[in-house]
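Notes follow once the structure below has been shown.
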Amino acid sequence: MWIVFAEKRPNQMDLLNSQPFKIGVNYWPASTAIQMWSNWNSEEIAADFKQMSGAGIDLVRFFLFTPDFVQDGKVDPQQLEHYKIVLDHLETAGLYGIPTFFIGHMSGQNYRVDGWDDETFFSDPEVLEQQKKYIRSILKISSASKHIAGWCLSNEMSNDFPGKDATEVTTWFRTICDMIHDSDSRPLVIGDGVWSPEITGAGVENNLEPSANYLLRELAPLQDTLGVHFYPRFDDYWPQAYTASFRLLMAKSWKDAVFLEEFGHSITMGSEENQALYYREVLFSALQAGASAALNWCWTDFETTNLRPYLHNTFEMRFGLRRSDGSFRPALQEMQSISQLSKELSSEGWELEPRDSWFIIPSNYYQAFPFDWDRDTEEKYNLYLHTYGALASSGAVPMCFHEPGVEYRAQDHVNRFMHTTSFVKVPATMWLPALKRLSAPFWEEILEYVHSGSILYASFATDHWIVDLDETLGIKSSLRFGLPDYYPSEVMTISSPCSWGPFGDQSVSITIGENSRALGYLPCQSQTAEVLLEDSEARPLLIRKSLGKGYIYFALFPFEVLMTKSCDDNVRAFVTALYAGIREDTIAEGSSCETAAAQFMRYQRNNETREFLFNHAWEQRAFKLRLKNKEKIIKNVRVELPPKSFCEIVDTQQPISKKTEFMQAAGVTV
C-alpha cells in the first residue's frame, strides 16, 4: 500500500455533498482530548491540522465542548477567541471543518451546561435564547471563513437528551435549523447519527441508540445532508459486513445526500491489521452506497487515563488513525486508497450507476399498526440487513424504499400518510422479503407497477395480512388460521423442475434446523403459477406468476428468515443464487453472482461500465460470476479474492478476452 498526498482543494459551498468522495476525521487533540478548549494548546492543534493535510485528509469534524462555551447562561469570550484561532489553523492547513455545536454526549459520558437539563433543554424559553445567542456568536465569527464545509448541531444528542416526545424534539430542531439557515448557506446536519425508528425500527430497546423521539421523517427535511453513525457488534460476520451500506441506503431513502459522519474500530477490541480491513470494507461500502464522505473516529490515540470518560471507557483511548507516538496505523492507507480511487474515477468522468432495484421496507417497521401483535422489530432489522447482504452478493444494487405510513390516530375518515413517495423508475425490480404487513393502497400500487412491466420478488411470512394472495399468485394454499405450517424435515433438498437459472439440473440441500413460528411455510398447489424450485417431494418452493406485462416471483418458504436464524453460509449461498436467477431473468445485460459475501460497485460513462467486486468474508473466497451480454449469452467467470479485498472485474462493454486479461493482470484467479 502507499500514501497519497492530497492536492489543496478550491473552496466549495457544497463540499460536504459533492463528489469525489472525501475522507475526514473526528478530532480531539491527543494531549487534552475533550479538554481541548479549557486546556488550550494552539500549537498542537496547528501541528495536527498540518499533519492531516499532508496525509490527504479533506474534512475535520471538531467539537465545541458546550460547558466550556456557555457558562452562567453567557457565551465565554475567551473560547470564541480560541474558536477564531481554530478557523485560522484550518485555512493555513487547507482543511475544511465541520464545527459541532452541542456537546453534550461524548465517548460514553454526558456533560451538561448548568441549567440545561431534561426539563429545560428543548422547551424553556430562557434556555432557548441562550442556545440561540451561542450559535449566533459562532456564525458571526465564521461568516468570512472559506474553510467550513458545513455545520453539525450535536453529537448523538439522543444519548443525552432523548426528549419527552417527538413533537418536543422536532419543534426544537426546526427552530434551531431555521435560525441557522436564515443566517448561513452552508450545509447543516443535526449530528444524531440517524439513529431513528425509520432506520433501527420502532420500539427497539437499545441504550446506545435511544432514538424513539428522533423521527427521521420529520428531521430529514430540516437538514441538507444526513450524517450516519454506526458501531456494529454481532455474533456473525455477515450482518457486520453489510451494516455500512445498509445503514447509508436506509438513510438515503429519506434524503439523497448522505455521508458517513462517524465510524471506527478500537484496536483494544481488534488488531491493527483487522482494523485496516474493517476500514477498507466500510469505505468501499460507503463509496458504493453513494455517500459523499466518510469520517473516522478518530484522529489520534489518547493517554488521558485520569480523565473521564477515558478512565472508565478505556477502549476509547485506542481508536486513532495515529498512534500515541505520532506514527500512522495502516487504516490511514485504506482511507487514502479509496479517496484516490474516487478522485481518479471522477476526474475521468465516471459516475456511480443508478441503483437497479427497490428494496421495500414496510411502514409497520418504523410505525406499528394499531393493536398489531406483530412487534418483532429487532427481528425485522436483522431480516432486512441479512436480506440486503444476499441482494448485494447476487449482483443487485438496490435502493431502500420506505412504504409511506398511515397516521391511524386521526379521528376522521381522511387518510393521512407520514410521507409521500413514489417509484421513480418503471419498470423495475422490487424486493419484499417476508411479506407480512402492507397498507392496502401501497399493495395496490405495487401490483399496478407489476401490471405495467415491473418485477416483484416476495417471500411468505406466517400471519400475513395480504388480501387475495392465492388469487394473485395463482395457487391454492391450505393455511390454517393462527397455526404455522412447519417444514416436515430438518433438511430441505431443492432442485428446479425446469432447469431454471443458476440451479440448472443440480440439487441443493440446506438445513432448516429447529422450527419457530417465523419459519412457517406456505403449503400449496400451483394453479396457474410456474414452479421454478421445488423440494424432493415436489412441494413448490419458488413460483413465478405473470401479471399483466410483469411477473411476481414468490418464495413459499421464508428463506431470508432462515438466514437470520442459522448464520449458515450454505443458506446464504442458496438465497444469493435465487436472487441471481431472478436478476438473470430480468436484466437485459450485466453480471450476477452465485457466491455469498460479495458486493458490486458499478460506474458508468456514456455507454461504458466499470465494475468492482468486494469480498466481505474473512477468508479467501472464489466467486462464481455469470455475465450476460446484449445477445443474452451467459458466460461463467471465476474470481478469487483475499479476505476483505476488492478488484475491478469487468467492463461490460469489453470483449470477454479483455475482461479476462484485466483480471489476470489484477492478480485475481479467473
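Between K635 and R174, take the C-beta separation as r, use R0 = 41 Å, and let me know the FRET efficiency to the nearest 0.05.
Values: r = 55 Å, r/R0 = 1.34.
The value I calculate is 0.15.
Placing pseudo-labels 7 Å out from each Cα toward the beta carbon at A144 and E303 gives an inter-label distance of 4.0 nm.
Of the trypsin sites (Lys or Arg not before Pro) found in the stretch 356-410, those that fall in a DSSP loop while having at most 11 other beta-carbon atoms within 10 Å are R409. Looking at the square roots a ≥ b ≥ c of the eigenvalues of the Cα gyration tensor of the stretch 480-574, which shape do they give, rounded for a/c under 1.5, prolate if a/b is larger than b/c, or oblate? Here the stretch 480-574 falls in the oblate category. Seen against the Cα atoms of the chain and their longest principal axis, helix 377-394 is set at about 70 degrees. Just check the stretch 254-398 against the gyration tensor rule for me: Cα atoms, a ≥ b ≥ c as the square roots of the eigenvalues, rounded for a/c under 1.5, and otherwise prolate or oblate depending on whether a/b exceeds b/c. Oblate, because a/c is 1.5 or more while a/b does not exceed b/c. Based on alpha-carbon centroids, what's the gap between the stretch 296-331 and the stretch 230-259 in Å, whole number please? Between the Cα centres of the stretch 296-331 and the stretch 230-259 lies a distance of 24 Å.
Distance in nm between label sites at D117 and Q78, each 7 Å beyond Cα in the beta-carbon direction? So the label points at D117 and Q78 sit 2.7 nm apart.
Accessible area ranking (1.4 Å probe, heavy atoms, ligands and nucleic acids excluded), largest first, for M106, M269, M317: M269, M317, M106. Taking all protein chains into account, the per residue accessible area for the chain stands at 39 Å² (1.4 Å probe).
Along its principal axes, the stretch 372-411 has C-alpha extents of 46, 20, 9 angstrom, given from the largest down. For the stretch 523-600, the list of GluC sites (Glu not before Pro) that fall in a loop by DSSP and count at most 15 other C-beta atoms within 10 angstrom reads E537, E589.
Work out, step by step, the length gained on full extension between N415 and D470: first 0.36 nm times the residue separation, then minus their alpha carbon distance; give nm to one decimal. Intermediate results must be reported in sequence, preceding the final value.
Details: separation 55, 0.36 × 55 = 19.80 nm, distance 2.77 nm.
Full extension of this stretch gives 17.0 nm more.
Using only the Cα atoms of the stretch 109-187, construct the convex hull and provide its projected area averaged over every direction, in square nanometres to one decimal.
Values: hull surface 23.0 nm².
Taking the Cα atoms of the stretch 109-187, their convex hull projects to 5.7 nm² on average.
Separation of the alpha carbons by more than 20 angstrom is noted, of K164/K255; K380/K476; K133/K255; K50/K133; K84/K146; K50/K644, for K164/K255; K380/K476; K133/K255; K50/K133; K50/K644.
Assuming a ≥ b ≥ c are the square roots of the Cα gyration tensor eigenvalues, decide whether the stretch 576-616 counts as rounded (a/c under 1.5), prolate (otherwise, with a/b larger than b/c) or oblate. Taking the square roots of the gyration eigenvalues as a ≥ b ≥ c, the stretch 576-616 is oblate.
First select every other residue whose beta carbon is under 14 angstrom from the beta carbon of Y310; then total the charges, Lys and Arg +1, Asp and Glu -1.
Details: positive: R308, R318; negative: D301, E303, E316.
With Lys, Arg at +1 and Asp, Glu at -1, the net is -1.
Here the extension length gained between C567 and R605 equals 9.8 nm, from 0.36 nm per residue of separation less the Cα-Cα distance.
Shown in residue order for the stretch 145-162 are the 3J(HN,Hα) couplings computed by the Karplus curve 6.51 cos²θ - 1.76 cosθ + 1.60 at θ = phi - 60°: 6, 9, 10, 10, 7, x, 10, 10, 6, 7, 10, 6, 4, 4, 5, 9, 10, x Hz (x for Gly and Pro). In the chain, the calculated helix contribution to ellipticity at 222 nm averages -9500 deg cm²/dmol per residue, counting -39,500 (n - 2.57) for every DSSP H run with n ≥ 4. Converting phi to 3J(HN,Hα) with the Karplus coefficients 6.51, -1.76 and 1.60 and the offset θ = phi - 60°, the stretch 433-447 yields x, 6, 5, 9, 10, 8, 5, 4, x, 6, 4, 4, 5, 4, 5 Hz in sequence order, with x at every glycine or proline.
Considering every alpha-carbon pair of the chain, the percent of pairs per 10 Å bin, from zero through the bin containing the longest distance, is 3, 15, 25, 25, 18, 10, 4, 0. Subtracting the Cα-Cα distance of S526 and D182 from their residue separation scaled by 0.36 nm leaves 117.7 nm.
Using alpha carbons only, the radius of gyration of the stretch 344-502 set against its Kirkwood radius gives Rg/Rh = 1.00.
Determine the sum of side-chain charges near P187: Lys and Arg each +1, Asp and Glu each -1, restricted to other residues whose C-beta is under 9 angstrom from that of P187. Please report the intermediate quantities before stating the final value.
Working: positive: R186; negative: D14, D224.
Once positives and negatives cancel, what remains is -1.
The lysines whose alpha-carbon is closer than 19 Å to the alpha-carbon of K628, local same-chain residues fewer than 8 away aside, are K658, K659.
When every Cα-Cα distance of the stretch 233-319 is counted in 5 angstrom steps from zero, the calculated P(r) takes the values 3, 13, 21, 21, 17, 13, 9, 3, 0 percent.
Roughly speaking, to the nearest percent, how much of the chain's 1.4 Å accessible area is carbon and sulfur?
C and S fraction of accessible area: 48 percent.
Restricting attention to the chain, close to 55% of DSSP beta bridges with both partner residues there are antiparallel.
Relative contact order (percent) for the chain, with alpha-carbon contacts under 8 angstrom and 6 or more residues of separation?
Working: 1382 pairs, mean separation 70.3, N = 670.
Relative contact order, the chain: 10 percent.
Cα extents for the stretch 142-273 along the principal axes, largest to smallest and rounded to whole angstrom: 47, 36, 26.
The values are calculated or read from the model by the stated rules, or taken from the named source; none is laboratory data. Fair warning: this is a prediction, and the values are worked out from it, not measured in the lab. Note that each Cβ is placed from the backbone with ideal geometry, even for glycine, and that neighbours are counted across all protein chains shown. The accessibility values were calculated without ligands, DNA or RNA, using every heavy atom of the protein model including side chains. Shrake-Rupley method; radii C 1.70, N 1.55, O 1.52, S 1.80 Å.
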